[in-house]
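Asks: Take this structure, written in structure tokens, and hold onto it; I'll ask about it next.
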2 protein chains.
Amino acid sequence: MAAPLRLAVDKNSPVPLYHQVAQALEDAIRTGELPPGTKLDNEIDLANRLNLSRPTMRKAMDQLVRAGLLVRKRGVGTQVVGSQVRRSLELSSLHDDLRSSGGSPTTAVLGLARVPADEETAQLLGLSPGDEVYHLRRVRSTDGEPLALMENWVPCSRCELDRERLEQDGLYALMRAQGVTFQLAHQRVGAVAADEEQAALLGVEPGAALVSMTRTALDDVGRPVETGHHVYRGDKYSFELTLVQH
Amino acid sequence: MAAPLRLAVDKNSPVPLYHQVAQALEDAIRTGELPPGTKLDNEIDLANRLNLSRPTMRKAMDQLVRAGLLVRKRGVGTQVVGSQVRRSLELSSLHDDLRSSGGSPTTAVLGLARVPADEETAQLLGLSPGDEVYHLRRVRSTDGEPLALMENWVPCSRCELDRERLEQDGLYALMRAQGVTFQLAHQRVGAVAADEEQAALLGVEPGAALVSMTRTALDDVGRPVETGHHVYRGDKYSFELTLVQH
DNA sequence: AAGTGGTCTAGACCACGCG
DNA sequence: GCGTGGTCTAGACCACTTC
């Protein structure tokens, strides 16, 4: 049950040491070099072996504990979680909430307009009702099959949107390129039945079950920069997440 | 924009200092004492003021950053997130995945039996096909209205289940009382249409949209201890989560 | 140049589980 | 009693932003 484990870190890399270690451990776990149930050596030994301090070693392991790959028990030790841990929805990534299951994703813009914000949108974006916002509707498809219907609102003051680049780069990339930083997103996930329009656009029967998601994204100082409502075909999409007890 | 903020910690409490600080800050934010957009004093000053070391102060703030209440920016400072942060599904809690929206929850056991594990269940629980597992089906209601249909499997080797205590205490409490520790859960959330039986039990029309959730829970050494599939009425239930960029 | 958060170290002591 | 993870300290240097 001991962990031989050939790890190495580059102290001159700009990548933080704890991140290098976490990455190396994660790779070892995902490749099966550290099979489920393996007991790791204790933190002090591991730290010494890599010429790291214990806090740095711990910080690396903390990440993997939160990601659900390791389990720690005081007085006992640390083990690799014993089950086929499917790659979970990476909570670290806001970049793309679509798992590209092999296919090539494309996006079509159905509508793009500057409109005055209604009360609810203004509230969500921290604006006054009537302030101008972009309102956009898009369909995302993989392999030609429609998968998601996305409706979003963005304050006009934050960036400029145009149809072509939206389809090319995506909303987030476009906004990021104009200096918007995404830091946080609050999401709500539920289920709704497809109405006539949604059904037609997604290629399902009216009444079909859809995964519904509403989101508000905030920038690096906590200001709302985007809000939206997405629906996904329930037969082709789901969210994964890992809960950790602490 | 300065933060006066009257904080205090008890160095003799068994509660970790970083947790006391995080709790105090969270309370101050949720009560509005620290309104959205407030800039906090820098970490060193805050640490000094509480007679704490900077790492301890940082650890407290890390928690709130992950929870989506604070936002940090290098070279600039730390601010309270600027939006009505609704109380999010506490990722820290596995105890109850139901938001008791005022109502009083009750649970009815529809079925409880010891059966040999089928292939899929055995796989999920790390058993061999044919090993004995409890199979249980329950309906959870609030205010007399059915809300969720829960189907679960538990290895018989881990605990003993009986109908009465299941209804009284719930599955997790019952297992915990028998020494099972819950550490991790992997969940998948999607949408399905209600079949005839689900519709009847939940009091909705067949075909109605349901939130579907499958979960496998692991104990403190990463062994699977429970797996299950729940469906919730889509018109009464949703999941909330906060994503953080790091 | 000054101020901020980001990282890292080298210790220390404690609480818990186990033999 | 011993080994483990859990917590905490008092520094240090760096990277980045702002003025």
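Asks: Would you mind getting the accessible area per residue of segment A:1-60, heavy atoms of the protein chains only, 1.4 Å probe, in Å²?
Replies: Ligands and nucleic acids excluded, the figure is 59 Å² per residue.
Asks: Please give the average number of partner chain Cβ atoms lying within 10 Å of the Cβ of each residue in B:229-239, rounded to a whole number.
Replies: Mean shielding by partner chains, rounded to a whole number: 3.
Asks: Place a +1 charge on the Cβ of each Lys and Arg in segment A:158-246 and a -1 charge on the Cβ of each Asp and Glu, then give the dipole magnitude about the Cα centre in debye, rounded to the nearest 20.
Replies: Using Cβ point charges on Lys, Arg, Asp and Glu, segment A:158-246 gives about 340 debye.
Asks: Per residue, how large is the accessible surface of segment A:105-233? Use a 1.4 angstrom probe and give square angstrom.
Replies: 42 Å²
Asks: Is there a quick way to get the dipole size of segment B:17-80? I mean about its Cα centre, with the Cβ of Lys and Arg at +1 and of Asp and Glu at -1; what is the value in debye to the nearest 20?
Replies: For this selection, approximately 280 debye.
Asks: Also: How much accessible area is lost when chains B and A come together, counting both sides, with a 1.4 Å probe, in Å² rounded to the nearest 100?
Replies: 4900 Å²
Asks: Still on this model: Rounded to the nearest 10 degrees, what's the angle between the helix B:17-30 long axis and the longest principal axis of chain B, both from Cα atoms, 0 to 90?
Replies: With rounding to tens, the tilt is 90 degrees.
Asks: Let me ask something else about it. Tell me the mean residue ellipticity at 222 nm calculated for the protein assembly as shown from its helices only (DSSP H runs of n ≥ 4, each -39500 (n - 2.57), averaged over every residue, nearest 500).
Replies: -7000 deg cm²/dmol
Asks: Multiplying the sequence separation of B:E145 and B:D195 by 0.36 nm and subtracting their Cα-Cα distance, what value in nm do you get?
Replies: 16.2 nm
Asks: Additional query: Could you work out, residue by residue across B:211-221, how many beta carbons of other chains sit within 10 Å of that residue's beta carbon, and then give the average as an integer?
Replies: 5
Asks: Towards the positive end of the charge dipole of chain A, with charges on Cβ (+1 Lys, Arg; -1 Asp, Glu), say which of A:G222, A:L210, A:M57 has the farthest Cα.
Replies: A:M57
Asks: Sorted by accessible area with a 1.4 angstrom probe, largest first, how do B:S157, A:S13 fall?
Replies: Largest accessible area first, the residues go B:S157, A:S13.
Asks: What is the mean number of Cβ atoms from other protein chains located within 10 Å of the Cβ atom of each residue in peptide B:204-210, rounded to a whole number?
Replies: 4
Asks: Between B:E167 and B:R114, with labels modelled 7 Å along Cα→Cβ, what's the label distance in nm to one decimal, could you check?
Replies: In this crude label model, B:E167 to B:R114 measures out at 2.2 nm.
Asks: Largest first, what is the accessible-area ranking of B:K11, A:K59 with a 1.4 Å probe?
Replies: Result, largest first: B:K11, A:K59.
Asks: Given the options B:M150, B:A177, B:G190, identify the residue whose Cα lies farthest towards the positive end of the charge dipole of segment B:105-233 (+1 on Cβ of Lys, Arg; -1 on Cβ of Asp, Glu).
Replies: Sorting the options by dipole projection puts first B:A177.
Asks: Between B:N12 and B:T31, how many nm apart are label points set 7 Å from Cα along the C-beta direction?
Replies: Here the modelled spin labels are 2.4 nm apart.
The values are calculated or read from the model by the stated rules, or taken from the named source; none is laboratory data. Computed from a predicted model, the values in this text were never measured in an experiment. In this analysis, Cβ positions are derived from the backbone assuming ideal geometry, glycine residues included, and neighbour counts consider all displayed protein chains. Just so you know, the surface numbers come from the protein's heavy atoms only, side chains and all, with ligands and any DNA or RNA stripped out. Shrake-Rupley method; radii C 1.70, N 1.55, O 1.52, S 1.80 Å.
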